[in-house]
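Asks: So that we are looking at the same thing, I have put the structure below in C-alpha coordinates.
The values are calculated or read from the model by the stated rules, or taken from the named source; none is laboratory data. No experiment lies behind these values; they were computed from the predicted model shown. Glycine also receives a Cβ, built like all others from the backbone with ideal geometry; neighbour counts cover every protein chain displayed.
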Amino acid sequence: MIRRLLIVNRGEIALRIVRAARELGIRSIVAHSEADADSLAARQADAAICIGPPQAAKSYLNPEAILHAARTCEADALHPGYGFLSENAAFARAVADAGLVFVGPDAAIIERMGDKAMARQTAIDAGVPVVPGSPGAVSDPARALALAEDIGFPLLIKAAAGGGGRGIRVVENAGTFDAQLRAAQAEARAAFGDDRVYLERFIARARHIEVQVLGDGRRAVHLFERECSLQRRRQKIFEECPSPALDEPTREALCHSAVALTEHVGYFGAGTLEYLFDETSGEFFFIEMNTRIQVEHPITEAVTGIDLVREMLRLAGGEPLRFTQSDIQRRGWAVEMRINAEDPERDFFPSPGVVQRLAWPSGPGVRVDSGLYEGYRMPPFYDSLVAKLIVWDDSRDAALARAARALDELVLEGFATTAGLHRRLLDTPQLRSAEVDTGFLERWLSSRPATTPAKEAVR
(Lines give C-alpha, C1' and ligand atoms only; values in the text may rest on other atoms or scores of the structure.)
Protein backbone atom coordinates (compact mmCIF):
# COMPACT_ATOMS: atom_id res chain seq x y z
CA MET A 1 0.00 0.00 0.00
CA ILE A 2 1.28 3.45 -0.90
CA ARG A 3 1.32 5.85 2.04
CA ARG A 4 3.62 8.72 0.98
CA LEU A 5 3.72 9.67 -2.69
CA LEU A 6 6.36 11.94 -4.22
CA ILE A 7 4.95 13.71 -7.29
CA VAL A 8 7.74 14.74 -9.64
CA ASN A 9 6.05 17.08 -12.07
CA ARG A 10 4.40 20.47 -12.27
CA GLY A 11 1.32 22.35 -13.46
CA GLU A 12 -2.05 20.74 -13.95
CA ILE A 13 -0.83 17.13 -13.92
CA ALA A 14 0.89 17.52 -10.56
CA LEU A 15 -2.31 19.00 -9.12
CA ARG A 16 -4.32 16.20 -10.73
CA ILE A 17 -2.20 13.56 -8.98
CA VAL A 18 -2.40 15.42 -5.64
CA ARG A 19 -6.18 15.26 -5.79
CA ALA A 20 -6.28 11.58 -6.71
CA ALA A 21 -3.86 10.72 -3.90
CA ARG A 22 -5.94 12.63 -1.34
CA GLU A 23 -9.09 10.75 -2.36
CA LEU A 24 -7.24 7.47 -1.72
CA GLY A 25 -5.89 8.59 1.66
CA ILE A 26 -2.32 8.84 0.34
CA ARG A 27 -0.10 11.66 1.62
CA SER A 28 1.21 13.70 -1.33
CA ILE A 29 4.53 15.54 -1.56
CA VAL A 30 5.16 17.71 -4.62
CA ALA A 31 8.78 17.93 -5.78
CA HIS A 32 9.15 21.35 -7.41
CA SER A 33 11.75 23.66 -8.85
CA GLU A 34 12.45 27.10 -7.39
CA ALA A 35 10.26 28.60 -10.13
CA ASP A 36 7.29 26.49 -9.02
CA ALA A 37 7.48 27.12 -5.28
CA ASP A 38 4.20 29.05 -5.36
CA SER A 39 2.41 26.69 -7.75
CA LEU A 40 -1.09 25.55 -6.94
CA ALA A 41 0.08 21.94 -6.80
CA ALA A 42 2.71 22.81 -4.18
CA ARG A 43 0.08 24.73 -2.21
CA GLN A 44 -2.52 21.98 -2.33
CA ALA A 45 -0.22 19.05 -1.56
CA ASP A 46 0.31 17.78 1.98
CA ALA A 47 3.95 18.84 1.64
CA ALA A 48 6.34 20.23 -0.94
CA ILE A 49 10.08 19.93 -1.42
CA CYS A 50 12.39 21.92 -3.69
CA ILE A 51 14.60 19.86 -5.99
CA GLY A 52 16.62 22.59 -7.70
CA PRO A 53 16.76 25.76 -9.80
CA PRO A 54 14.21 26.69 -12.48
CA GLN A 55 16.08 24.97 -15.30
CA ALA A 56 14.49 21.55 -15.86
CA ALA A 57 17.90 19.90 -16.32
CA LYS A 58 18.77 20.89 -12.76
CA SER A 59 15.43 19.96 -11.19
CA TYR A 60 12.72 17.91 -12.95
CA LEU A 61 15.32 16.11 -15.09
CA ASN A 62 17.83 15.58 -12.28
CA PRO A 63 17.52 11.99 -10.95
CA GLU A 64 19.99 12.52 -8.12
CA ALA A 65 18.11 15.53 -6.76
CA ILE A 66 14.79 13.70 -7.08
CA LEU A 67 15.97 10.57 -5.29
CA HIS A 68 17.53 12.70 -2.54
CA ALA A 69 14.17 14.41 -2.11
CA ALA A 70 12.42 11.03 -1.95
CA ARG A 71 14.74 9.91 0.85
CA THR A 72 14.37 13.21 2.69
CA CYS A 73 10.57 13.11 2.71
CA GLU A 74 10.49 9.33 3.31
CA ALA A 75 8.34 8.64 0.26
CA ASP A 76 7.52 5.05 -0.57
CA ALA A 77 6.33 5.73 -4.14
CA LEU A 78 6.96 8.18 -6.96
CA HIS A 79 4.58 9.35 -9.69
CA PRO A 80 6.34 10.99 -12.67
CA GLY A 81 3.22 12.37 -14.42
CA TYR A 82 3.93 12.92 -18.11
CA GLY A 83 6.94 14.44 -19.87
CA PHE A 84 10.23 15.00 -18.03
CA LEU A 85 11.44 11.57 -16.78
CA SER A 86 8.13 9.72 -17.08
CA GLU A 87 9.36 7.47 -19.90
CA ASN A 88 13.02 7.28 -18.92
CA ALA A 89 13.85 3.63 -18.29
CA ALA A 90 17.09 4.41 -16.42
CA PHE A 91 15.17 6.66 -14.03
CA ALA A 92 12.44 4.06 -13.46
CA ARG A 93 15.14 1.52 -12.69
CA ALA A 94 16.90 3.91 -10.29
CA VAL A 95 13.61 4.54 -8.47
CA ALA A 96 13.03 0.82 -8.05
CA ASP A 97 16.66 0.25 -6.98
CA ALA A 98 16.16 2.92 -4.30
CA GLY A 99 13.34 0.83 -2.85
CA LEU A 100 10.49 3.03 -4.09
CA VAL A 101 7.44 2.10 -6.12
CA PHE A 102 7.52 3.68 -9.59
CA VAL A 103 3.93 4.47 -10.57
CA GLY A 104 4.10 3.07 -14.07
CA PRO A 105 5.51 0.07 -15.92
CA ASP A 106 8.89 -1.36 -15.04
CA ALA A 107 12.06 -0.21 -16.76
CA ALA A 108 12.26 -3.18 -19.13
CA ILE A 109 8.84 -2.41 -20.62
CA ILE A 110 9.65 1.31 -20.91
CA GLU A 111 12.83 0.37 -22.79
CA ARG A 112 11.04 -2.07 -25.04
CA MET A 113 8.08 0.14 -25.93
CA GLY A 114 9.90 3.48 -25.74
CA ASP A 115 12.25 2.44 -28.53
CA LYS A 116 10.07 3.00 -31.59
CA ALA A 117 11.81 0.42 -33.76
CA MET A 118 11.63 -2.21 -31.00
CA ALA A 119 7.99 -1.37 -30.28
CA ARG A 120 7.20 -1.83 -33.96
CA GLN A 121 8.74 -5.31 -33.98
CA THR A 122 6.93 -6.16 -30.73
CA ALA A 123 3.62 -5.19 -32.35
CA ILE A 124 4.39 -7.40 -35.34
CA ASP A 125 5.15 -10.30 -32.97
CA ALA A 126 1.80 -9.71 -31.25
CA GLY A 127 -0.06 -9.79 -34.57
CA VAL A 128 -0.91 -6.08 -34.49
CA PRO A 129 -0.82 -4.26 -37.86
CA VAL A 130 1.95 -1.69 -38.32
CA VAL A 131 2.61 0.88 -41.04
CA PRO A 132 4.66 -0.76 -43.81
CA GLY A 133 8.29 0.14 -43.28
CA SER A 134 11.75 -1.07 -42.35
CA PRO A 135 11.87 -4.16 -40.10
CA GLY A 136 14.03 -2.26 -37.60
CA ALA A 137 16.46 0.62 -37.28
CA VAL A 138 18.56 1.47 -40.35
CA SER A 139 21.97 3.11 -40.59
CA ASP A 140 23.73 2.06 -43.79
CA PRO A 141 22.72 4.55 -46.53
CA ALA A 142 22.71 2.01 -49.37
CA ARG A 143 20.64 -0.51 -47.41
CA ALA A 144 18.31 2.26 -46.23
CA LEU A 145 17.73 3.49 -49.78
CA ALA A 146 16.96 -0.03 -50.98
CA LEU A 147 14.40 -0.41 -48.21
CA ALA A 148 12.96 3.01 -49.00
CA GLU A 149 12.44 2.08 -52.65
CA ASP A 150 10.66 -1.11 -51.56
CA ILE A 151 8.38 0.87 -49.22
CA GLY A 152 7.74 3.60 -51.79
CA PHE A 153 7.77 7.38 -51.66
CA PRO A 154 6.74 9.58 -49.96
CA LEU A 155 7.90 8.05 -46.69
CA LEU A 156 8.88 9.05 -43.16
CA ILE A 157 12.29 8.83 -41.52
CA LYS A 158 11.66 8.60 -37.77
CA ALA A 159 14.02 8.61 -34.79
CA ALA A 160 13.95 5.23 -33.07
CA ALA A 161 14.27 6.90 -29.66
CA GLY A 162 11.99 9.81 -30.60
CA GLY A 163 8.79 11.09 -29.11
CA GLY A 164 6.49 14.07 -28.94
CA GLY A 165 6.53 14.48 -32.70
CA ARG A 166 10.27 15.22 -32.82
CA GLY A 167 12.84 13.56 -35.06
CA ILE A 168 10.50 13.01 -38.00
CA ARG A 169 11.18 13.91 -41.63
CA VAL A 170 9.05 13.46 -44.75
CA VAL A 171 11.00 12.35 -47.84
CA GLU A 172 9.26 12.95 -51.16
CA ASN A 173 11.60 11.10 -53.52
CA ALA A 174 14.77 9.04 -53.81
CA GLY A 175 16.81 12.04 -54.93
CA THR A 176 16.58 13.70 -51.52
CA PHE A 177 16.68 10.54 -49.43
CA ASP A 178 20.39 10.37 -48.62
CA ALA A 179 20.58 14.00 -47.45
CA GLN A 180 17.40 13.62 -45.42
CA LEU A 181 18.69 10.42 -43.84
CA ARG A 182 21.91 12.12 -42.68
CA ALA A 183 19.96 15.13 -41.42
CA ALA A 184 17.49 12.91 -39.54
CA GLN A 185 20.32 10.96 -37.91
CA ALA A 186 22.00 14.19 -36.81
CA GLU A 187 18.72 15.55 -35.47
CA ALA A 188 18.01 12.32 -33.57
CA ARG A 189 21.53 12.34 -32.10
CA ALA A 190 21.14 15.92 -30.92
CA ALA A 191 17.63 15.48 -29.51
CA PHE A 192 17.84 12.01 -27.97
CA GLY A 193 21.52 11.05 -27.86
CA ASP A 194 20.69 8.19 -30.23
CA ASP A 195 21.04 8.47 -34.02
CA ARG A 196 19.13 5.31 -34.95
CA VAL A 197 16.23 5.86 -37.35
CA TYR A 198 13.67 3.71 -39.11
CA LEU A 199 11.45 4.11 -42.16
CA GLU A 200 7.67 4.15 -42.52
CA ARG A 201 5.22 4.63 -45.36
CA PHE A 202 3.76 8.14 -45.34
CA ILE A 203 -0.05 8.24 -45.21
CA ALA A 204 -0.89 11.69 -46.52
CA ARG A 205 -4.41 12.06 -45.09
CA ALA A 206 -4.20 9.91 -41.96
CA ARG A 207 -6.15 10.31 -38.77
CA HIS A 208 -4.37 9.93 -35.41
CA ILE A 209 -6.31 7.65 -33.09
CA GLU A 210 -5.12 6.26 -29.78
CA VAL A 211 -6.41 3.62 -27.38
CA GLN A 212 -6.27 3.94 -23.59
CA VAL A 213 -5.33 0.76 -21.73
CA LEU A 214 -4.88 -0.40 -18.15
CA GLY A 215 -2.91 -3.51 -17.22
CA ASP A 216 -1.77 -5.29 -14.08
CA GLY A 217 1.02 -7.31 -15.68
CA ARG A 218 -1.21 -10.29 -16.35
CA ARG A 219 -4.44 -8.93 -17.76
CA ALA A 220 -5.39 -5.75 -19.62
CA VAL A 221 -8.48 -3.83 -20.64
CA HIS A 222 -9.09 -0.93 -23.00
CA LEU A 223 -11.08 2.20 -22.24
CA PHE A 224 -11.90 2.92 -25.88
CA GLU A 225 -10.21 5.36 -28.20
CA ARG A 226 -9.48 9.07 -28.59
CA GLU A 227 -9.26 11.08 -31.80
CA CYS A 228 -6.15 13.30 -31.80
CA SER A 229 -5.90 14.37 -35.45
CA LEU A 230 -5.95 18.13 -34.82
CA GLN A 231 -2.24 18.83 -34.46
CA ARG A 232 0.22 21.60 -35.14
CA ARG A 233 3.81 20.56 -35.79
CA ARG A 234 2.78 17.10 -34.59
CA GLN A 235 1.70 18.50 -31.23
CA LYS A 236 -1.89 17.75 -30.27
CA ILE A 237 -4.24 20.71 -29.85
CA PHE A 238 -7.78 19.34 -29.67
CA GLU A 239 -8.92 15.81 -28.80
CA GLU A 240 -12.23 14.01 -28.63
CA CYS A 241 -13.54 10.70 -27.36
CA PRO A 242 -14.69 8.58 -29.06
CA SER A 243 -13.40 9.01 -32.61
CA PRO A 244 -16.06 10.11 -35.10
CA ALA A 245 -14.20 8.26 -37.87
CA LEU A 246 -14.77 4.71 -36.63
CA ASP A 247 -17.70 2.38 -37.10
CA GLU A 248 -18.29 -0.20 -34.40
CA PRO A 249 -16.58 -3.18 -36.12
CA THR A 250 -13.45 -1.09 -36.74
CA ARG A 251 -13.53 0.27 -33.20
CA GLU A 252 -13.78 -3.24 -31.79
CA ALA A 253 -10.89 -4.49 -33.94
CA LEU A 254 -8.70 -1.49 -33.08
CA CYS A 255 -9.29 -1.73 -29.33
CA HIS A 256 -8.88 -5.52 -29.37
CA SER A 257 -5.47 -5.12 -31.04
CA ALA A 258 -4.42 -2.66 -28.32
CA VAL A 259 -5.34 -5.13 -25.57
CA ALA A 260 -3.51 -7.94 -27.39
CA LEU A 261 -0.29 -5.91 -27.55
CA THR A 262 -0.66 -4.71 -23.95
CA GLU A 263 -1.02 -8.26 -22.67
CA HIS A 264 1.75 -9.50 -24.98
CA VAL A 265 4.29 -7.33 -23.16
CA GLY A 266 2.85 -7.92 -19.68
CA TYR A 267 2.10 -4.23 -19.31
CA PHE A 268 1.55 -2.69 -15.89
CA GLY A 269 -0.27 0.60 -15.24
CA ALA A 270 -1.90 3.09 -17.60
CA GLY A 271 -0.68 3.33 -21.16
CA THR A 272 -1.73 4.55 -24.57
CA LEU A 273 -1.26 2.88 -27.94
CA GLU A 274 -1.19 5.27 -30.87
CA TYR A 275 -2.40 4.39 -34.36
CA LEU A 276 -2.73 5.94 -37.79
CA PHE A 277 -6.10 5.34 -39.44
CA ASP A 278 -6.40 5.49 -43.21
CA GLU A 279 -10.02 6.50 -43.69
CA THR A 280 -9.89 5.75 -47.41
CA SER A 281 -8.97 2.09 -46.97
CA GLY A 282 -10.34 1.60 -43.46
CA GLU A 283 -6.97 0.28 -42.30
CA PHE A 284 -5.36 1.09 -38.96
CA PHE A 285 -1.68 0.78 -38.08
CA PHE A 286 0.09 0.81 -34.71
CA ILE A 287 2.83 3.46 -34.53
CA GLU A 288 3.94 3.72 -30.89
CA MET A 289 3.07 3.24 -27.22
CA ASN A 290 3.23 5.90 -24.51
CA THR A 291 4.09 4.21 -21.23
CA ARG A 292 2.57 6.90 -19.00
CA ILE A 293 -0.58 8.90 -18.41
CA GLN A 294 -1.50 11.14 -21.36
CA VAL A 295 -2.34 14.84 -21.36
CA GLU A 296 -5.71 14.01 -22.89
CA HIS A 297 -6.74 11.32 -20.38
CA PRO A 298 -9.66 13.39 -18.95
CA ILE A 299 -11.87 12.81 -21.99
CA THR A 300 -11.58 9.05 -21.48
CA GLU A 301 -12.53 9.56 -17.84
CA ALA A 302 -15.52 11.63 -18.94
CA VAL A 303 -17.00 8.95 -21.19
CA THR A 304 -16.16 5.89 -19.04
CA GLY A 305 -16.51 7.31 -15.51
CA ILE A 306 -13.17 5.72 -14.52
CA ASP A 307 -10.53 7.83 -12.75
CA LEU A 308 -7.32 6.77 -14.50
CA VAL A 309 -4.91 8.36 -12.03
CA ARG A 310 -6.59 6.67 -9.08
CA GLU A 311 -6.38 3.36 -10.93
CA MET A 312 -2.68 3.92 -11.55
CA LEU A 313 -2.14 4.42 -7.83
CA ARG A 314 -4.22 1.39 -6.92
CA LEU A 315 -2.28 -0.83 -9.32
CA ALA A 316 1.06 0.53 -8.10
CA GLY A 317 -0.08 -0.16 -4.54
CA GLY A 318 -0.48 -3.85 -5.32
CA GLU A 319 -4.15 -4.16 -6.19
CA PRO A 320 -5.09 -6.27 -9.22
CA LEU A 321 -7.01 -4.78 -12.12
CA ARG A 322 -10.52 -4.14 -10.85
CA PHE A 323 -12.36 -4.32 -14.17
CA THR A 324 -13.24 -6.84 -16.81
CA GLN A 325 -13.76 -5.54 -20.33
CA SER A 326 -17.53 -5.88 -20.03
CA ASP A 327 -17.48 -3.60 -16.96
CA ILE A 328 -16.27 -0.68 -19.05
CA GLN A 329 -19.03 1.13 -20.90
CA ARG A 330 -18.89 4.23 -23.08
CA ARG A 331 -21.40 7.02 -22.52
CA GLY A 332 -21.73 10.28 -24.44
CA TRP A 333 -19.01 12.37 -26.06
CA ALA A 334 -16.14 14.45 -24.67
CA VAL A 335 -13.68 16.96 -26.11
CA GLU A 336 -10.53 18.52 -24.69
CA MET A 337 -9.06 21.85 -25.77
CA ARG A 338 -5.46 22.55 -24.74
CA ILE A 339 -5.08 26.16 -23.66
CA ASN A 340 -1.46 27.19 -24.23
CA ALA A 341 0.27 30.45 -23.31
CA GLU A 342 1.11 31.13 -26.95
CA ASP A 343 0.21 33.92 -29.35
CA PRO A 344 -1.35 32.53 -32.55
CA GLU A 345 -0.88 35.90 -34.22
CA ARG A 346 2.89 35.69 -33.72
CA ASP A 347 3.41 32.16 -35.03
CA PHE A 348 2.46 30.74 -31.62
CA PHE A 349 5.31 32.51 -29.88
CA PRO A 350 5.34 31.69 -26.12
CA SER A 351 3.72 34.42 -24.02
CA PRO A 352 4.28 33.82 -20.31
CA GLY A 353 3.03 36.51 -17.95
CA VAL A 354 0.98 37.22 -14.84
CA VAL A 355 -2.65 36.13 -14.54
CA GLN A 356 -4.44 39.44 -14.09
CA ARG A 357 -8.03 38.23 -14.25
CA LEU A 358 -9.41 34.71 -14.32
CA ALA A 359 -12.90 33.24 -14.49
CA TRP A 360 -13.23 29.59 -15.43
CA PRO A 361 -16.35 28.32 -17.23
CA SER A 362 -18.63 26.05 -15.26
CA GLY A 363 -21.99 24.33 -15.50
CA PRO A 364 -23.01 20.78 -16.44
CA GLY A 365 -20.38 18.71 -18.18
CA VAL A 366 -17.55 21.25 -17.86
CA ARG A 367 -14.17 20.44 -16.28
CA VAL A 368 -11.02 22.55 -16.12
CA ASP A 369 -7.62 21.08 -15.27
CA SER A 370 -5.22 23.92 -14.53
CA GLY A 371 -2.75 25.24 -12.01
CA LEU A 372 -3.52 28.90 -12.70
CA TYR A 373 -4.87 31.42 -10.20
CA GLU A 374 -5.13 35.21 -10.19
CA GLY A 375 -1.75 36.79 -9.50
CA TYR A 376 0.18 33.68 -10.59
CA ARG A 377 3.24 34.38 -12.74
CA MET A 378 3.81 31.89 -15.52
CA PRO A 379 7.44 30.70 -15.43
CA PRO A 380 9.14 30.98 -18.83
CA PHE A 381 11.13 27.78 -18.41
CA TYR A 382 8.64 25.05 -19.25
CA ASP A 383 5.93 23.84 -21.62
CA SER A 384 3.33 26.45 -22.55
CA LEU A 385 0.26 24.38 -21.53
CA VAL A 386 -1.66 26.33 -18.86
CA ALA A 387 -5.08 24.67 -18.84
CA LYS A 388 -7.17 21.90 -20.31
CA LEU A 389 -10.83 22.66 -20.93
CA ILE A 390 -12.82 19.42 -21.03
CA VAL A 391 -16.51 19.19 -21.82
CA TRP A 392 -18.92 16.25 -21.97
CA ASP A 393 -22.42 15.82 -23.33
CA ASP A 394 -24.60 13.02 -24.62
CA SER A 395 -23.73 13.49 -28.33
CA ARG A 396 -20.96 14.97 -30.43
CA ASP A 397 -23.03 17.92 -31.62
CA ALA A 398 -24.08 18.71 -28.06
CA ALA A 399 -20.49 18.41 -26.81
CA LEU A 400 -19.21 20.81 -29.48
CA ALA A 401 -21.97 23.31 -28.63
CA ARG A 402 -21.08 23.03 -24.94
CA ALA A 403 -17.39 23.54 -25.79
CA ALA A 404 -18.25 26.78 -27.61
CA ARG A 405 -20.36 27.95 -24.68
CA ALA A 406 -17.55 27.16 -22.21
CA LEU A 407 -14.99 29.07 -24.28
CA ASP A 408 -17.35 32.06 -24.44
CA GLU A 409 -17.46 32.06 -20.61
CA LEU A 410 -13.69 31.79 -20.15
CA VAL A 411 -11.89 34.95 -19.01
CA LEU A 412 -8.10 34.72 -18.85
CA GLU A 413 -6.26 38.02 -19.00
CA GLY A 414 -2.59 38.84 -18.68
CA PHE A 415 -1.07 37.03 -21.62
CA ALA A 416 -2.05 35.64 -25.01
CA THR A 417 -3.49 32.14 -25.19
CA THR A 418 -4.88 29.75 -27.78
CA ALA A 419 -8.43 29.85 -26.35
CA GLY A 420 -9.69 32.20 -29.07
CA LEU A 421 -8.18 29.94 -31.69
CA HIS A 422 -10.21 27.03 -30.35
CA ARG A 423 -13.37 29.11 -30.46
CA ARG A 424 -12.84 29.90 -34.15
CA LEU A 425 -11.90 26.31 -34.86
CA LEU A 426 -15.23 25.13 -33.45
CA ASP A 427 -17.01 27.18 -36.11
CA THR A 428 -15.25 25.48 -39.02
CA PRO A 429 -17.51 23.21 -41.09
CA GLN A 430 -14.72 20.61 -41.32
CA LEU A 431 -14.54 20.18 -37.54
CA ARG A 432 -18.32 20.16 -37.27
CA SER A 433 -18.55 17.39 -39.86
CA ALA A 434 -15.42 15.59 -38.52
CA GLU A 435 -13.71 15.81 -41.91
CA VAL A 436 -10.19 16.27 -40.55
CA ASP A 437 -6.82 14.58 -40.68
CA THR A 438 -3.43 15.20 -39.12
CA GLY A 439 -2.64 17.91 -41.65
CA PHE A 440 -5.95 19.76 -41.46
CA LEU A 441 -5.06 22.23 -38.69
CA GLU A 442 -1.90 23.47 -40.37
CA ARG A 443 -3.72 23.84 -43.70
CA TRP A 444 -6.48 25.80 -41.96
CA LEU A 445 -4.03 28.01 -40.07
CA SER A 446 -2.20 28.89 -43.28
CA SER A 447 -5.40 29.84 -45.07
CA ARG A 448 -7.48 31.63 -42.41
CA PRO A 449 -7.65 35.43 -42.21
CA ALA A 450 -5.66 37.06 -39.42
CA THR A 451 -7.36 38.36 -36.30
CA THR A 452 -6.23 41.22 -34.17
CA PRO A 453 -3.66 40.42 -31.48
CA ALA A 454 -5.71 42.42 -28.99
CA LYS A 455 -8.62 40.00 -29.22
CA GLU A 456 -6.35 36.98 -28.97
CA ALA A 457 -4.71 38.38 -25.84
CA VAL A 458 -8.00 38.33 -23.94
CA ARG A 459 -9.11 34.91 -25.04
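Asks: Just give me the residues in the range 238-266 being under 18 Å from the mean Cα position of the chain (by Cα) and not in a helix (DSSP H, G or I), in sequence order.
Replies: PHE238, GLU239, GLU240, CYS241, PRO242, SER243
Asks: Right, here's the next one. In the range 6-54, which residues are touching a helix residue (DSSP H, G or I) at 6+ places or on another chain (Cβ under 9 Å) and part of a loop (DSSP other than H, G, I, E, B)?
Replies: Matches in the range 6-54: ASN9, ARG10, LEU24, ILE26, SER39, ALA45, ASP46, PRO53, PRO54.
Asks: What's the number of the only condition in (1) surrounded by fewer than 21 Cβ atoms within 10 Å (Cβ to Cβ); (2) in a loop (DSSP other than H, G, I, E, B); (3) among the acidic types (Asp, Glu) that GLU87 fails to meet?
Replies: Result: GLU87 passes all but (1).
Asks: Does ILE339 qualify as being under 19 Å from LYS388 (Cβ atoms), touching a strand residue (DSSP E or B) at 6+ places or on another chain (Cβ under 8 Å), assigned to a helix (DSSP H, G or I) and modelled with pLDDT of 95 or more?
Replies: No; evaluated as a whole, the condition is false for this residue.
Here's the yes/no breakdown for (1) part of a strand (DSSP E or B); (2) surrounded by 14 or more Cβ atoms within 10 Å (Cβ to Cβ); (3) touching a Cys at 6+ places or on another chain (Cβ under 8 Å):
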position	(1), (2), (3)
LEU145	no, yes, no
GLU149	no, no, no
LEU156	yes, yes, no
ALA161	no, yes, no
ARG169	yes, yes, no
ALA179	no, no, no
ALA184	no, yes, no
GLU187	no, yes, no
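Asks: Return the total of residues in the range 55-72 being touching a residue at least 40 places away in the same chain (Cβ under 8 Å), part of a loop (DSSP other than H, G, I, E, B) and crowded, with 17+ Cβ neighbours inside 10 Å.
Replies: Summing the residues that are touching a residue at least 40 places away in the same chain (Cβ under 8 Å), part of a loop (DSSP other than H, G, I, E, B) and crowded, with 17+ Cβ neighbours inside 10 Å in the range 55-72 gives 1.
Asks: A follow-up question, please. Being part of a loop (DSSP other than H, G, I, E, B) and crowded, with 22+ Cβ neighbours inside 10 Å, is that true of even one residue in the range 212-229?
Replies: Within the range 212-229, not a single residue is part of a loop (DSSP other than H, G, I, E, B) and crowded, with 22+ Cβ neighbours inside 10 Å.
Asks: Which of the following residues is surrounded by 16 or more Cβ atoms within 10 Å (Cβ to Cβ) and in a loop (DSSP other than H, G, I, E, B): ARG314, ARG310, ARG367, ARG292?
Replies: ARG292
Asks: Going by what's in this entry, would GLU288 be described as touching a Lys or Arg at 6+ places or on another chain (Cβ under 9 Å), in contact (Cβ under 8 Å) with a residue 40 or more places away in the chain and over 21 Å from LEU431 (Cα atoms)?
Replies: yes
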